[in-house]
Amino acid sequence: MPGGTAASFRAMFAALEPIGRDRASGGYRRFSWTGADLACRAWFAEQAATRGMDCAPDRNGNLWAWWGEPGPDAVVTGSHLDSVPDGGAYDGPLGLLAAFCAVDELRDRGVRPARPLAVAAFTEEEGGRFGVACLGSRLLTGAIEPDRARALTDADGISLAEAMRAAGQDPDAIGADPALLATIGAFVELHIEQGRGLVDLDAAVGLGTGIWPHGRWRYHFAGEANHAGTTRLADRRDPMLTFANTVLAARKKARLAGALATFGRIAVLPNGTNAVPSTVDGWLDARAPAEEQLAALVADITRAAGERGDRDGVRVVVTPESITPAVAFDRALLDRLGAALRGVPELATGAGHDAGILSAAVPTAMIFVRNHTGISHSPAEHADEADCLAGVHALADALDTLLT
């Protein structure tokens, strides 16, 4: 790997690293359309300008940096800049760091692209602020209605429309963009692996073959607020009790189904230490190897929640917020990239990505970089620099074979 690529990677990483970092946790809070997000966007624009690439947002706020004039049959690579609450430094940004470094490497090789190349940064991939994952790519492809997206709110009650408008982006313009989609001939997303598959395979880089079906469901448990010190247990309609039972049921049913189920977010009212709650809202993240398994798992969890709610005097309402079907990446594209990368291993993932959303509209593939800790969505997430640079080299090879 040329020393120049390593130096460029380090410099870009150092410039991005402090943005949105929480001093207490060491993790990142880069939520869409906040000050941290705008600083990340400025970083992206600066990297594009340094390379003479034209940079502009699309109607949905996704950023595009073009090497060459935008046009048909373009090759696109990229990822996202936003994070989950207290997320790691690599989830998302690594794909953009690698993309800009790959452009540098291709230029060093003297590559003259026969097709346009774009580096794209998609908005609200994590759903960390407005609750719907891959929102930017869903809007681009028409997978979510603009009116529904505009009405999404964050924990403070600020709508997506309000947040976009405050950041200088027109929310009235959001929605499917078939003209932009029609220019994309292939999309390749590089991402840190969110697991230990490549560690077990003793490989720095791998090709992603697909994504498990997954989704998010909001479970609303409505009981009755009351005094914690005077209300007899038998007289309570405690939604926290129903919620707690549902969490345990989800874990058991996921284990039996060979699937994954997680309640990782909760909102309680009135949220008082000496008060029985009136309502509890819990968000279920569920994933499974097949769509029928996922549907059966969520149905079982919902049934368990309803049965327990009946016993506790608690009303249970379940609302799907985002559901993504199983994704199999384009086989012809994978074969072409596999030949260019000289037989790197292939593996599927349970983690969702913009590549999974875009796959419904354009040929799509992913490149994973080894994560020695196997930990993601945490400050402990890490990829060794040598593996990151191996990912840059692999991405450059992949783009080279697609551009020429």
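Read-outs throughout are calculated quantities, based only on the coordinates presented, and are distinct from any laboratory measurement. Bear in mind the structure is a predicted one, so any value in this text is a computation, not a measurement. In this analysis, Cβ positions are derived from the backbone assuming ideal geometry, glycine residues included, and neighbour counts consider all displayed protein chains.
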MRE, 222 nm, helices only [DSSP H, n ≥ 4, -39500 (n - 2.57), over the chain, to nearest 500]: -11500 deg cm²/dmol
Cα-based shape type of segment 113-263, given that a ≥ b ≥ c are square roots of the gyration tensor eigenvalues and the cut on a/c is 1.5: oblate
What is the chain's relative contact order, in percent, from Cα pairs under 8 angstrom and six or more apart in sequence? 22 percent
I want the antiparallel fraction of DSSP beta bridges within the chain, as a percent rounded to 5. 70 percent
In what order do 191, 393 fall by count of nearby beta-carbon atoms within 10 Å, going from fewest to most? 393, 191
Euclidean distance of C-alpha centroids, segment 298-337 and segment 120-151, integer Å: 18 Å
Cα pairs beyond 24 Å in segment 1-147, in percent, come to 32 percent
For the residue 201, residue 228 Cβ pair and Förster radius 51 Å, calculated FRET efficiency rounded to 0.05 is 0.45
Within the under-15-Å Cβ sphere about residue 227, not counting residue 227, Lys/Arg +1 and Asp/Glu -1 give a net charge of 0
According to the square roots a ≥ b ≥ c of the eigenvalues of the Cα gyration tensor, what is the shape class of segment 259-351, taking rounded for a/c under 1.5, prolate for a/b larger than b/c otherwise, and oblate for the remainder? prolate
Ranked by GNM mean-square fluctuation in the chain (Cα springs under 10 Å), the top entry among 187, 44, 243 is 243
When a footprinting reagent is the concern and you count Cβ atoms within 10 Å, what order do 376, 79 take, fewest first? 376, 79
Taking the number of other C-beta atoms within 10 Å as the exposure measure, put 54, 91, 238, 172 in order starting with the fewest. 172, 54, 238, 91
How many nm separate the modelled label positions at residue 14 and residue 275, each set 7 Å beyond the Cα in the direction of the Cβ? 5.1 nm
Order by protection proxy (mean Cβ within 10 Å, highest first), peptides 256-262, 138-144, 150-156: 138-144, 256-262, 150-156
Rg(Cα) of segment 214-324 divided by 2.2 N^0.38 Å? 1.10
Give me the extension gain from residue 56 to residue 22: residue separation times 0.36 nm, minus the current Cα-Cα distance, reported in nm with one decimal. 9.4 nm
Rounded to the nearest 0.05, what FRET efficiency is calculated for residue 255 and residue 170 with R0 set to 45 Å and r the Cβ-Cβ distance? 0.45
Where in segment 97-128 does the amide nitrogen come within less than 13 Å of the point 7 Å from the Cα of residue 49, taken along Cα to Cβ? none
A convex hull over the alpha carbons of segment 224-270 yields, per residue, a volume in Å³ of 80 Å³
Highest GNM mean-square fluctuation, the chain, Cα pairs closer than 10 Å: which of 170, 104, 235? 235
Within-14-Å neighbourhood charge of residue 277 [Cβ basis; K, R +1; D, E -1]: -1
